[in-house]
Amino acid sequence: MAVAARVAGVLLTAFFFGLTFEGIGRKVTARIQRRYGPPWYQNFIDVLKTLTKHGWTHGWIFDFGVVMALGGVIATLAFVPLGNFVAFPGLDNFFVIVYLFTVGALGMAMGMVGTGNPWASIGVARALTLMLGYEVPYLIVITSLLYYFRTSNISTIVEIQSVNGWNLFHFPIGALVAFISLQGMLGKEPFEAPIAPAEIASGPMVELSAKYMGLLMLMNTFMEFVEISLFVDFFLGGGNYFEFLLKYLIVWLLAVMISAVLPRFRIEQAVFFYWTVPLLLAFIQVFLIVAVM
């Protein structure tokens with residue numbers, strides 16, 4: 001299969017199943033809160049409707065930031081293995097993905113601060129602060145895995161798990177830390193402070209409308225797909241295409257259900273939490289790996 005076809009397959013998978021699973025998540029959240037909720041295809045309607053509307057720009061920095069955010073995340077997504085389905089075999093390196101992912105995050109921050117709205121600036125500041133919280137334990141856990149397997153190639157780690165079993169069972173402490181960090185990456189409660197609709201009017205998205213809102217909704221869907229896919233590949237063994245999607249759905253629904261029943265941390269509480277319990281657990285995993293080796 002040509003590289004272009006594989007990249008298109010990854011992007012179409014993220015678009016269709018990402019929006020579908022988000023719709024299912026909204027339905028699950030509604031049922032937990034004793035509401036009926038929107039239909040599962042509501043996100044498709046929202047994205048397509050907003051993309052056809054003419055929006056107000058806030059200057060070239062805002063426009064460039066939105067394009068940079070979406071472009072950076074799409075480039076990142078192209079390198080993420082969907083189980084054994086890989087667009088760039090041999091190049092699905094964890095550090096490449098982290099590097100490209102940063103481009104999208106910087107574009108998002110630049111574009112939203114460029115609106116000049118104080119709620120957007122507060123939301124971006126909170127997002128960067130929260131990132132300092134969850135990235136430290138997450139990177140310690142992942143780099144300890146890379147050190148253990150002597151590779152940063154994600155497909156190789158997936159193949160090793162197909163023989164030796166999932167890392168979830170070999171490294172349960174690391175999997176727990178990664179999942180707690182994942183909850184922060186997804187912006188789900190109790191780590192929803194950067195968005196906080198009832199407090200700062202959705203923060204970074206406060207000035208978005210029409211096609212700009214549609215592009216950022218797509219970016220958010222692709223970001224979630226990258227973050228959950230990495231968890232599935234690192235700890236649940238990836239699997240074939242359909243096994244991967246099933247594991248993805250289970251992880252996503254677990255995150256959604258936890259989010260539906262928890263309140264929101266203040267930003268200082270979230271960072272304090274990440275730098276205590278998850279960070280301590282991350283160091284325990286490093287100690288155990290070094291002791292075993």
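Tabulated data
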item	result
Most positive-pole-ward Cα, Phe283, Phe265, Asn153, against dipole of the chain from beta carbon charges	Phe265
For segment 1-292, accessible area per residue (1.4 Å probe, heavy atoms of protein chains only), Å²	46
Between segment 168-216 and segment 77-122, the Cα center-to-center distance that results, in Å	14
Exposure rank, largest accessible area first [Tyr41, Tyr99, Tyr241; 1.4 Å]	Tyr99, Tyr41, Tyr241
Accessible surface of the chain, 1.4 Å probe, proportion on carbon and sulfur as whole %	73
Dipole in debye (nearest 20) - segment 100-258, about Cα centre, beta carbon charges: Lys, Arg +1; Asp, Glu -1	120
Answer label, with Rg/Rh (Cα atoms, Kirkwood Rh) calculated from the coordinates and candidates (i) 1.34; (ii) 1.06; (iii) 0.96	(iii)
Estimated D of segment 130-246 in µm² per second, where Rh is the Kirkwood radius over Cα pairs and Stokes-Einstein applies at 4 °C, 1.567 mPa s	82
Sequence of Glu135, Glu159, Glu199 when ordered by accessible area, the most exposed leading, probe 1.4 angstrom	Glu159, Glu199, Glu135
Choice from Pro194, Pro38, Pro278 showing the highest fluctuation, given a GNM over the chain with Cα pairs closer than 10 Å	Pro38
Heavy-atom SASA rank of Lys211, Lys53 (probe 1.4 Å, accessible area, largest first)	Lys53, Lys211
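The values are calculated or read from the model by the stated rules, or taken from the named source; none is laboratory data. Everything quoted here is computed from the prediction, not taken from an experiment. Heads up, the Cβs are rebuilt from the backbone with ideal geometry, glycines too, and the neighbour counts pull from every protein chain shown. Remember, those area values only see protein heavy atoms, side chains included, never the ligands or the DNA or RNA. Shrake-Rupley method; radii C 1.70, N 1.55, O 1.52, S 1.80 Å.
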